[in-house]
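Before any comments, here is the structure.
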Amino acid sequence: MIAHLKGREKELEEFGWTGRHAGWIALVCLHSGVFTRAQAMRFLDAHPEQARRVVHALISRGLAAEETVPGVRGIGRVCRIFSRRVYRALGAEHVRHRRDASNEVLMRRLLSLDYVIEHADLPWLPTETEKVAAFEGLGIERRLLPVRVYRGAAGNTRRHFPVKLPVALDSARATFVYVDPGHDTSTALRSWGTAHRGLWRALTRLGRSVEVVAVGRASREIRRAERVMGGWAEDGLPVEADAGMRDEIARIERAILQGAIQVLEEFGGLQAAMKRSVALTKQIRRQGGRGSIQRGTAWRTVRLAGARYR
C-alpha cells in the first residue's frame, strides 16, 4: 500500500488492475504520466519480460502509447498513459500529465517519478488541489503559493505549483523537490526558489522544517544546485535582487560553460568575470535576509543518468 495514494488505486479495478500493479499505474498518472521500462522494473520488482507485458497491456487497451522520443537518447522508449478514463477514475481528469510535452518537460516528469519511486513512503501531495488545500489548511494564504497565470480566449487561468514538481508535507517537515532536466545555468533553479520563498518562510514560522531536494542526472548539475541551496539555507534566498543582477550572473555562467571569450572579455577576462559573479551573488544574498530553508540536499538518478536530449 502507498499511503499518499489514499486508496485511489482501488478505483482502477474496473480496468482489471489490483495490488502493486494498480499502485504503479496510479503513481505514474498522478506524478508524471510517463515512465520507462526500467522504472517499472524497479517499482514492480519485475524482470524485463514482465515490464514488457505491463506496457503492452496498456497499449492493447488503447490507454497508452510507447515510443522512442525524437531527440531523447539513452533511456529507451517512453510509455505515456493518455487515457482520460484512467485519470478520471483517479480523480485527476484534468491533470496535464496525460498530454504530450516538450523533451524538457518529459525529462522533468521522468526525473520526478524516479525520485518518488525511491521515496514512495513520503506523504506526497500529488495534485495541485491537494497542495493548495494542504497549505491553506495550515493557515497559509494562497497569495504566498507559487502561481502562474495562463491567458486564453476564455479568460485567464491561475495555476498554483505550475511546474508540477513533487511536494510532501507532514506535521514536522515539508519537502520540495526541484528537478534539473539539464539546464546550462542555475537560473531556472533560482527562479523556482523565488516563486516558493514566501511559502517556505511561512512554513518556517509555523514550525515546519523546510527541505529542498535537487534531482539531477550529472555531477555538474548536482554541484551547482548544492551551491545555490547552500545560499538559501545560510544567507537567505536570493529573490529580492534586481532582475538585471540575476540575468548578469546567468550570462557569466553561460559564458564560462561555453567558453565564450568575447563575453568574458566584456568583464575583463575569465578571472574578472568570476569575481563579478561572486560579488553579485553576495549582494543578492545580503538582500535576501535570513535563510529560507533548513536543509538542501541533492539526489542523482541512476536509471536516467545516461539520458541525453535537445
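Considering segment 45-70, the residues that are closer than 15 Å to Ala22 by Cα, free of Cβ contacts under 8 Å to residues at least 40 places away in the same chain and assigned to a loop (DSSP other than H, G, I, E, B) include one that is farthest from the chain's Cα centre (by Cα), namely Ala46. Note on segment 65-118: residues that are exposed (fewer than 14 other Cβ atoms within 10 Å of the Cβ) and of a type in the set (Val, Ile, Thr) amount to 1. Would segment 19-30 turn up any residue that is farther than 22 Å from Pro166 by Cα and either aliphatic (A, V, I, L, M) or open to solvent by less than 50 Å² (accessible area, probe 1.4 Å) (or both)? No - not one qualifying residue is present in segment 19-30. Residues in segment 104-116 include none that are over 15 Å from Lys164 (Cβ atoms), aliphatic (A, V, I, L, M) and at pLDDT 95 or above.
How many residues are under 23 Å from Glu11 (Cβ atoms), out of contact with any helix residue (DSSP H, G or I) (no Cβ under 6 Å at 6 or more places or on another chain) and part of a helix (DSSP H, G or I) if we restrict to segment 89-111? The number of residues fulfilling the criteria is 3. Restricting attention to segment 1-39, the residues that are in a helix (DSSP H, G or I) and not charged (D, E, K, R) add up to 19.
Can you tell me which residues in segment 1-18 are surrounded by fewer than 17 Cβ atoms within 10 Å (Cβ to Cβ) and without any contact (Cβ under 8 Å) to a residue 24 or more places away in the chain? Across segment 1-18, the qualifying residues are Met1, Lys6, Gly7, Lys10, Glu13, Gly16, Thr18.
Take the conditions out of contact with any strand residue (DSSP E or B) (no Cβ under 8 Å at 6 or more places or on another chain) and charged (D, E, K, R) and apply them to Glu66. Does it pass? Steps first, answer last, please.
Numbers: out of contact with any strand residue (DSSP E or B) (no Cβ under 8 Å at 6 or more places or on another chain): no; charged (D, E, K, R): yes.
Considered against the rule, which asks whether it is out of contact with any strand residue (DSSP E or B) (no Cβ under 8 Å at 6 or more places or on another chain) and charged (D, E, K, R), Glu66 comes out as no.
Selection within segment 119-140: residues that are free of Cβ contacts under 8 Å to residues at least 12 places away in the same chain and open to solvent by 50 Å² or more (accessible area, probe 1.4 Å). The member of this set that is nearest to Arg8 (Cα to Cα) is Thr129.
Which residues, taken from segment 71-88, are more than 22 Å from the chain's Cα centre (by Cα) and assigned to a loop (DSSP other than H, G, I, E, B)?
Quick first cut of segment 71-88, residues more than 22 Å from the chain's Cα centre (by Cα) only: 83-86, 88.
Across segment 71-88, the qualifying residue is only Ser83.
Criterion first (surrounded by 21 or more Cβ atoms within 10 Å (Cβ to Cβ), under 15 Å from Val210 (Cα atoms) and in contact (Cβ under 8 Å) with a residue 24 or more places away in the chain) does Val167 satisfy it? Explain how you work it out, then say what you get.
Values: surrounded by 21 or more Cβ atoms within 10 Å (Cβ to Cβ): yes; under 15 Å from Val210 (Cα atoms): yes; in contact (Cβ under 8 Å) with a residue 24 or more places away in the chain: yes.
Answer is yes for this residue.
Inclusion of Arg42 among residues that are closer than 18 Å to Tyr115 by Cα, open to solvent by 60 Å² or more (accessible area, probe 1.4 Å) and in a helix (DSSP H, G or I) is warranted. Name the pairs: first residue in segment 80-92 and over 16 Å from Phe35 (Cα atoms) and free of Cβ contacts under 8 Å to residues at least 60 places away in the same chain, second residue part of a loop (DSSP other than H, G, I, E, B) and open to solvent by less than 60 Å² (accessible area, probe 1.4 Å), Cβ to Cβ under 7 Å, at least 6 apart or on different chains? Correct list of pairs: Arg84/Glu93.
Filtering Leu203, Leu199, Leu189 for residues that are modelled with pLDDT of 90 or more, under 26 Å from Ala305 (Cβ atoms) and either acidic (Asp, Glu) or in a helix (DSSP H, G or I) (or both) leaves a single hit, Leu189. Selection of segment 238-290 for residues being modelled with pLDDT of 75 or more, under 16 Å from Ala188 (Cβ atoms) and surrounded by fewer than 13 Cβ atoms within 10 Å (Cβ to Cβ) yields Asp247, Leu257.
Taken as a whole, the structure leaves Val212 outside the set of residues that are touching a Pro at 6+ places or on another chain (Cβ under 8 Å) and assigned to a strand (DSSP E or B). Taking every residue in segment 288-310 that is farther than 30 Å from Gly71 by Cβ and pairing it with any residue that is modelled with pLDDT under 90 and assigned to a loop (DSSP other than H, G, I, E, B), at least 6 positions away or on another chain, the pairs with Cβ-Cβ distances below 6 Å are Gly288/Gly236; Gly288/Leu237; Gly288/Pro238; Gly289/Gly236; Arg290/Gly236; Gly291/Gly236; Ser292/Leu237. Could you check, for segment 150-157, whether at least one of its residues is open to solvent by 10 Å² or more (accessible area, probe 1.4 Å) and touching a helix residue (DSSP H, G or I) at 6+ places or on another chain (Cβ under 9 Å)? Looking for residues that are open to solvent by 10 Å² or more (accessible area, probe 1.4 Å) and touching a helix residue (DSSP H, G or I) at 6+ places or on another chain (Cβ under 9 Å), one finds none in segment 150-157, hence no.
The values are calculated or read from the model by the stated rules, or taken from the named source; none is laboratory data. These numbers come from a predicted model, not from an experiment. Neighbour counts run over all protein chains shown; Cβ positions are idealised from the backbone, glycine included. Heads up: the accessible areas ignore ligands, DNA and RNA and are worked out on the full protein's heavy atoms, side chains in. Shrake-Rupley method; radii C 1.70, N 1.55, O 1.52, S 1.80 Å.
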